[in-house]
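Heads up, the thing below is written out as structure tokens.
The values are calculated or read from the model by the stated rules, or taken from the named source; none is laboratory data. Quick caveat: nothing in here was measured; it's all calculated off a predicted structure. Methodologically, a virtual Cβ is constructed for each residue, glycine included, from the backbone with ideal geometry; neighbour enumeration extends over all protein chains shown. Surface areas here come from the heavy atoms of the whole protein model, side chains and all, with no ligands, DNA or RNA. Shrake-Rupley method; radii C 1.70, N 1.55, O 1.52, S 1.80 Å.
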Amino acid sequence: MMERVFKKGLIAVSAFLISLAGLQAASKFTYLEDVSVSLDFPEDAESPHGYHPVAVHLQNETNQEIRLTVLYMGGYADHWRDSPLLARHDLVLAPRESRKLKHRLPAWLEMPHQVRFLVNGELRDESISISKSRSFSRRESYLPQWISVLTLTTKDPSAESLLDETVQQLGSWEQIGEELQNLIGYTKETTYLHRATLDASLFSESWLDYTAWDMVLLTVAQWQQLGPGQKRALDHYMRVGGILIVLQEQATTSWPADFPTALDEAPDEIHRGHHDFGLAAAVPAGFHQIPEARSTWQPIIRFAVNRAAFWRCAQFEPFKRNEHFPVIGELDIPRRAFIGLLLLFVICMGPLNFWFVMRHDRRVWLYATVPLLSLCATLVLVVAAFASEGITPGKRGRALVAIDHERQQAATWATGAVYLPIANRNGLFFSGRNEIYFPNDDWFINKGINLANGLWLQHGFLRTRIPFHYQERGRYPLRERLAVQFDAAGVPTVTNGFAADVAPVHVTNTAGALYRIDRIAAGETQTLSLSREAPATPPQRQPLAAAESFEWKLTETHMLGLFQDEHRQIQLGSRQYLAVLEGAAYQEEPLEGNLKRDERTVLFGRLEAP
């Protein structure tokens, strides 16, 4: 049947692996029976976080429907049957249908070693091997051991020299290695800054395709070469925590008007602008030739290292992560209760049981009482386990959300954890529109991520009674919000547009006076009371990204501490608010059904200019 189908036409499959980490993409070609495959992939696409984009072009040249499965295999086994399945995508191609798929393989997933295909349920013998220039051990590969920099390919010698010398200055700060060692406890690297280049035509229009990089470095001319979609993607990448730097080639070069950090005139030193969670910087001409200028790069490098702290949870095993970010209270075995139950079982099974059968002169009853008592002891253990934890899964989440009312956008950094008392076959489903990270260590067995409609961790990731932690960086269009209105005297009135209460709420007016209220219920409108008079000079708008670092566990104390001074007083800029939502907002919801929830979201909002 398969041969008759193939004789009617040809399936052409062109697979392009476009990674943002390789210096240049390599190509391999193979010809299967009635199927041609072209595969482009990067030589070096390793990163401790983010995604590696994969574009797959499919064309069904037959007049019949085709069931096709793309399989990403890992490992270096001698036979493909011994290789682990990393990810898969099942689809159906209609007759003569042409389709383009966009996969994003998580960096925490082992990079594929080969790609195989199932055609109408039949696994083809041929495969395409993918060589890797860098290899890591499982645990070490998910810790930040260097700062990764992406630059644009250029044929201009002066531009290449500018980029190269700038990268050298970035990497010349001797404290980079010390900062990274303090962050992760160790590092085997001797070069702490890795640079790679990518052609402008391959710069993506999706911010997710840049997430494997800590920094993007461009000249003014290169920035102007990019299209609107590429610039928008880089802006989004920066606002969720990336670093975007533009270099002025000559003093007469005009600064781009559409760069995130607006510049009326060329600065005489590095101009840094903080936006949501990220940083945009403009470097004037000739700055890379000043040896003393190295120190001015330090805040940028420190910013990159501190952002890398968000991925530190890979250092710990699941139970240790639960100590730092608990989703379930006590995971240790209740030794006293267990020993007490064991002693009770021994007493009942031994002396009491023997006394009971001897009293009734029925020793034959031992054939019934022994298994019955064993069954009862087992049932007691099961009932005790369910009584202590129940059967309802638990979910804990903490998030920091930057809400820009003027741009109608929200940026999210979130940490979540799931605990299952009983098995769940559905797994976790993420939409694929945000960056998801979790430590892929030996406690969890990946049996193939389903890439059909996002990121479906279906098999092996959720294990009974083992906490599962994950992290999210995301960008959302503005939906629910706190609506703030000011009267003539500058007193704010706030309407809670969220589905949960907010408590407390802090708002500053145009003059910088701080107002506060303890709680606003969902859907209610309240007028706030004055908490602190306006300063003599209206405060500047407080940038969230100016905070030194972000802990991966995102406790409420840590998140609120980002906005407090040494006296633990809330510090906000003009027309901003800070509130704690007693629930989740602007986050993925990976687990369906009834859950025991413990969720808090810190909302940092910037209102429209008056």
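Search region 422-441 for residues that are more than 26 Å from Q409 (Cα to Cα) and pair each with any residue that is hydrophobic (A, V, I, L, M, F, W, C) and exposed (fewer than 14 other Cβ atoms within 10 Å of the Cβ) when their beta-carbon atoms are under 9 Å apart and the residues are at least 6 apart or on different chains.
I422/F386; I422/I391
For a quick check of your reading: which strands (runs of 3 or more DSSP E) sit entirely within region 397-495 and have at least 2 residues that are hydrophobic (A, V, I, L, M, F, W, C) and within 30 Å of P538 (Cα to Cα)?
Values: elements: 409-419, 428-430, 435-437, 455-457, 468-477, 482-486.
Per the criteria, 409-419, 482-486.
Does P95 count as open to solvent by 50 Å² or more (accessible area, probe 1.4 Å) and at pLDDT 80 or above?
Answer is yes for this residue.
Output yes when any residue across region 494-501 is over 30 Å from Y51 (Cβ atoms) and crowded, with 22+ Cβ neighbours inside 10 Å, and no when none is.
From region 494-501, those over 30 Å from Y51 (Cβ atoms) are 494-497, 499-501; that's our starting set.
Next, from what is left, pick out any that are crowded, with 22+ Cβ neighbours inside 10 Å: 494, 496.
Yes; the residues of region 494-501 include at least one that is over 30 Å from Y51 (Cβ atoms) and crowded, with 22+ Cβ neighbours inside 10 Å.
For L554, which of the numbered conditions (1) over 30 Å from I301 (Cα atoms); (2) touching a strand residue (DSSP E or B) at 6+ places or on another chain (Cβ under 6 Å); (3) assigned to a loop (DSSP other than H, G, I, E, B); (4) not acidic (D, E) fails to hold?
Failed condition: (1).
Quick one: how many residues across region 145-163 are touching a helix residue (DSSP H, G or I) at 6+ places or on another chain (Cβ under 8 Å), open to solvent by 10 Å² or more (accessible area, probe 1.4 Å) and more than 19 Å from F203 (Cβ to Cβ)?
The total comes to 1.
Could we say that R116 is surrounded by fewer than 20 Cβ atoms within 10 Å (Cβ to Cβ) and either at pLDDT below 85 or among the basic types (K, R) (or both) here? Quick ask: steps written out before the conclusion?
On the way: surrounded by fewer than 20 Cβ atoms within 10 Å (Cβ to Cβ): no; either at pLDDT below 85 or among the basic types (K, R) (or both): yes.
Taking the combined requirement at face value, the residue does not satisfy it.
Can you tell me which of T537, T510, T525 is closer than 23 Å to A584 by Cα, among the polar types (S, T, N, Q) and open to solvent by 40 Å² or more (accessible area, probe 1.4 Å)? If you could, list the steps in order and put the result at the bottom.
Values: T537 fails: closer than 23 Å to A584 by Cα; T510 fails: closer than 23 Å to A584 by Cα.
Exactly one residue qualifies, and that residue is T525.
Hey, can you tell me all the residues within region 158-184 that are more than 17 Å from M215 (Cα to Cα), hydrophobic (A, V, I, L, M, F, W, C) and modelled with pLDDT under 80?
Scanning region 158-184 gives L183, I184.
Hey, any hits in region 496-517 for a residue that's among the acidic types (D, E), at pLDDT 95 or above and not in a strand (DSSP E or B)?
Taking every residue of region 496-517 in turn, at least one turns out to be among the acidic types (D, E), at pLDDT 95 or above and not in a strand (DSSP E or B).
Would you check if Q471 is open to solvent by less than 10 Å² (accessible area, probe 1.4 Å), of a type in the set (S, T, N, Q) and out of contact with any Pro (no Cβ under 9 Å at 6 or more places or on another chain)? I'd like the intermediate steps shown before the answer.
Numbers: open to solvent by less than 10 Å² (accessible area, probe 1.4 Å): yes; of a type in the set (S, T, N, Q): yes; out of contact with any Pro (no Cβ under 9 Å at 6 or more places or on another chain): yes.
Judged against the criteria, Q471 is a match.
Give R359, R321 a once-over and let me know the one that is charged (D, E, K, R) and either modelled with pLDDT under 80 or closer than 30 Å to G397 by Cα (or both). Reasoning before the result, please.
Working: R359 fails: either modelled with pLDDT under 80 or closer than 30 Å to G397 by Cα (or both).
The unique qualifying residue is R321.
Considering L578, L554, which residue is at pLDDT 90 or above, closer than 26 Å to F310 by Cα and either open to solvent by less than 10 Å² (accessible area, probe 1.4 Å) or of a type in the set (K, R) (or both)?
L578
Which of (1) open to solvent by 10 Å² or more (accessible area, probe 1.4 Å); (2) modelled with pLDDT of 90 or more; (3) within 23 Å of H103 (Cα to Cα) does R481 not meet, given it meets every other one?
With respect to (1) open to solvent by 10 Å² or more (accessible area, probe 1.4 Å); (2) modelled with pLDDT of 90 or more; (3) within 23 Å of H103 (Cα to Cα), R481 is out only on (3).
Exactly one of (1) modelled with pLDDT of 70 or more; (2) open to solvent by less than 20 Å² (accessible area, probe 1.4 Å) is unmet by V37. Its number?
In the conditions (1) modelled with pLDDT of 70 or more; (2) open to solvent by less than 20 Å² (accessible area, probe 1.4 Å), V37 misses (1) alone.
State all residues of region 202-251 that are farther than 29 Å from F430 by Cβ and polar (S, T, N, Q); if no residue qualifies, say none. Please lay out each step first, then the result.
Quick first cut of region 202-251, residues farther than 29 Å from F430 by Cβ only: 217-225, 245-251.
Answer for region 202-251, where residues must be farther than 29 Å from F430 by Cβ and polar (S, T, N, Q): T219, Q222, Q224, Q225, Q248, Q250.
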